[in-house]
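Step one of this worksheet: look at the structure below.
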Amino acid sequence: MKALVLTGVGQLELREVEMTAPAGDEIVLDVAACGVCGTDLHMYHGDKGAFDNHFPLVMGHEFSGVVSAVGPEVRALKPGDRVCVDPNLYCGSCRECLRGKPHFCERMIGYGTTLDGGFARQCKVRERAAYRIPDSLSFVHAAMVEPVACCMHGIDRAGIEAGGTAVVIGAGPIGLMMLQLALCRGAARVAVVEPVESRRELARQLGAFLAADPGDAAAMEEVRAFRADSVIECVGKPETMEQAVELAGKGATVMLFGLTKPGAELRLLPYEQIFQKEVTITGSFINPQVSERVIRLLDSGRINLDAIITDRVPLDRAAEVFADSRCRSRGKTVILPGEEGRL
């Protein structure tokens, strides 16, 4: 089968690789769609993401497709089932797993990060990593279950209450998902801070009460007037994280979702920005056990993914996505390894 293999920093090759028969509780998935994530870009550039890099590797951890073969110990799935994948595999027996925090698993591995993933015609995964999807949910949308699940975990930690106010910093694909999830959670008004006008306009179309250019002093005063109950940072830069704390209202929760490089530092004023305002600063790490909720939510149509997904690229052109920053700047890219007619 064909697979896009990361062979070194900045090096991708489309190769023919062998797919062996599934053993034990493994299934073989004919991949229909696989999203390109910021983590893939970090790994391509040699930066540490959620996991350490190793080569060679088939990246891609946001994927969906059809079960084509099953191992002898598979019980719930069969060939022909439509599924998406939660790429993170927890051991179930370490201290963190046993105390109900499996996303901190001490022996966690992941498809597309430590194991071969979805930038390929086929991928072999454990049965417990696969979730059935309804026929009404397209493969492209089902591939978005993983990133939306990460956002859902972040929203769960962001302190949003019905009738509250929220600010989302960054209107890339993740920020636009967060905007819609905040509204689903009951936020009465959500402001978005984003320097690119086209993204601000899209945020308005998706329900933002206000979309502000961070370089516009008057617009930023409007954002401060929100006295936000929740601020969600989706850029991953120290300066925007510091801005998130500055924009927080009294008693607010600041949820730092964007991924910085290791060693990044923040400059905060503990007395003025945290003590006096009783601000809670938290983070969000991957997507523990929320995939079923996300599948139901996406199938309901309440999250507009078509506004976020801008590019659909066949597998034989997938390397271009990593080489051309213009493709990534437009929005979310999905790689289509499967036959076009199956999508």
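The values are calculated or read from the model by the stated rules, or taken from the named source; none is laboratory data. Remember, it's a predicted structure, so these values are computed and weren't measured experimentally. Cβ sites come from the backbone with ideal geometry, for glycine too, and all protein chains shown count toward neighbours. Ligands, DNA and RNA are stripped out before the accessible areas are found, and what is left, the full protein with its side chains, is counted by its heavy atoms. Shrake-Rupley method; radii C 1.70, N 1.55, O 1.52, S 1.80 Å.
Restricting the search to segment 1-59, which residues are part of a helix (DSSP H, G or I) and touching a strand residue (DSSP E or B) at 6+ places or on another chain (Cβ under 8 Å)?
Within segment 1-59, Met43, Tyr44 meet the criteria.
When segment 133-145 is examined, which residues are found to be touching a helix residue (DSSP H, G or I) at 6+ places or on another chain (Cβ under 8 Å) and not aliphatic (A, V, I, L, M)?
Pro134, Ser136, Phe139, His141
Pick from Ile295, Ile303: which is among the β-branched types (Val, Ile, Thr) and either in a helix (DSSP H, G or I) or in contact with a strand residue (DSSP E or B) (Cβ under 9 Å, 6 or more places away or on another chain) (or both)?
When all the criteria are applied, what remains is Ile295.
So, of the residues in segment 273-283 that are out of contact with any Asp or Glu (no Cβ under 8 Å at 6 or more places or on another chain) and either assigned to a loop (DSSP other than H, G, I, E, B) or of a type outside the set (A, V, I, L, M, F, W, C) (or both), which turns out to be most open to solvent (accessible area, probe 1.4 Å)? Even if it seems obvious, please write down each step before you answer.
Within segment 273-283, the first condition is being out of contact with any Asp or Glu (no Cβ under 8 Å at 6 or more places or on another chain), and the residues that meet it are 274-283.
Still in the running and either assigned to a loop (DSSP other than H, G, I, E, B) or of a type outside the set (A, V, I, L, M, F, W, C) (or both): 276-280, 282-283.
Values: Gln276: 103, Lys277: 35, Glu278: 142, Val279: 15, Thr280: 73, Thr282: 22, Gly283: 31 Å².
Going through the qualifying residues, I end up with Glu278.
Quick check on segment 220-241: of everything there that is assigned to a loop (DSSP other than H, G, I, E, B) and of a type outside the set (Lys, Arg), which residue is surrounded by the most Cβ atoms within 10 Å (Cβ to Cβ)?
So, considering only residues that are assigned to a loop (DSSP other than H, G, I, E, B) and of a type outside the set (Lys, Arg), the one surrounded by the most Cβ atoms within 10 Å (Cβ to Cβ) is Cys234.
This table checks each residue for (1) without any contact (Cβ under 8 Å) to a residue 40 or more places away in the chain; (2) surrounded by 19 or more Cβ atoms within 10 Å (Cβ to Cβ); (3) under 24 Å from Leu14 (Cα atoms).
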position: Pro56; (1), (2), (3): no, no, yes
position: Arg107; (1), (2), (3): yes, no, no
position: Asp116; (1), (2), (3): no, yes, yes
position: Ala130; (1), (2), (3): no, yes, no
position: Leu137; (1), (2), (3): no, yes, no
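Across segment 242-272, which residue is most open to solvent (accessible area, probe 1.4 Å) among those that are in contact with a helix residue (DSSP H, G or I) (Cβ under 8 Å, 6 or more places away or on another chain) and farther than 24 Å from Leu179 by Cβ?
Step one: list which residues in segment 242-272 are in contact with a helix residue (DSSP H, G or I) (Cβ under 8 Å, 6 or more places away or on another chain), which gives 245-248, 254-260, 264-268.
Now narrow it down to the ones that are farther than 24 Å from Leu179 by Cβ: 264-265, 267-268.
Values: Ala264: 53, Glu265: 148, Arg267: 191, Leu268: 51 Å².
The extreme case among them is Arg267.
Tell me, yes or no, whether segment 71-90 has at least one residue that is β-branched (Val, Ile, Thr), in contact (Cβ under 8 Å) with a residue 24 or more places away in the chain and either assigned to a loop (DSSP other than H, G, I, E, B) or open to solvent by 50 Å² or more (accessible area, probe 1.4 Å) (or both).
yes
Restricting to segment 306-336, name every residue that is open to solvent by 60 Å² or more (accessible area, probe 1.4 Å) and assigned to a strand (DSSP E or B).
Result: Thr310, Arg312.
Given the conditions (1) free of Cβ contacts under 8 Å to residues at least 60 places away in the same chain; (2) open to solvent by 50 Å² or more (accessible area, probe 1.4 Å); (3) among the β-branched types (Val, Ile, Thr), report the number of the one that Thr20 does not fulfil.
(1)
Strands (runs of 3 or more DSSP E) wholly in segment 93-210 with at least 2 residues that are under 21 Å from the mean Cα position of the chain (by Cα) and farther than 30 Å from Thr7 by Cβ - which ones?
Result: 130-132, 165-169, 189-193.
Only one residue in Ser64, Ser68 is modelled with pLDDT of 95 or more, over 22 Å from Arg317 (Cβ atoms) and among the polar types (S, T, N, Q), so which one is that?
Ser68
Results for (1) charged (D, E, K, R); (2) over 23 Å from Asn88 (Cβ atoms), shown as yes or no for each residue.
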{"site": "Leu269", "(1), (2)": "no, yes"}
{"site": "Glu272", "(1), (2)": "yes, yes"}
{"site": "Phe275", "(1), (2)": "no, yes"}
{"site": "Phe285", "(1), (2)": "no, no"}
{"site": "Gln289", "(1), (2)": "no, no"}
{"site": "Ser300", "(1), (2)": "no, yes"}
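Select, from Ala166, Ala191, the only residue that is closer than 23 Å to Arg330 by Cα, touching an Asp or Glu at 6+ places or on another chain (Cβ under 9 Å) and open to solvent by less than 10 Å² (accessible area, probe 1.4 Å). Break it down into steps so the answer makes sense when it comes.
Details: Ala166 fails: closer than 23 Å to Arg330 by Cα.
Residue meeting the stated conditions: Ala191.
With the requirement that a residue be open to solvent by 10 Å² or more (accessible area, probe 1.4 Å) and either in contact (Cβ under 8 Å) with a residue 40 or more places away in the chain or not small (Gly, Ala, Ser) (or both), what does segment 33-48 give you?
Listed by number, the residues that qualify are Val36, Cys37, Gly38, Thr39, Leu41, His42, Tyr44, His45, Asp47, Lys48.
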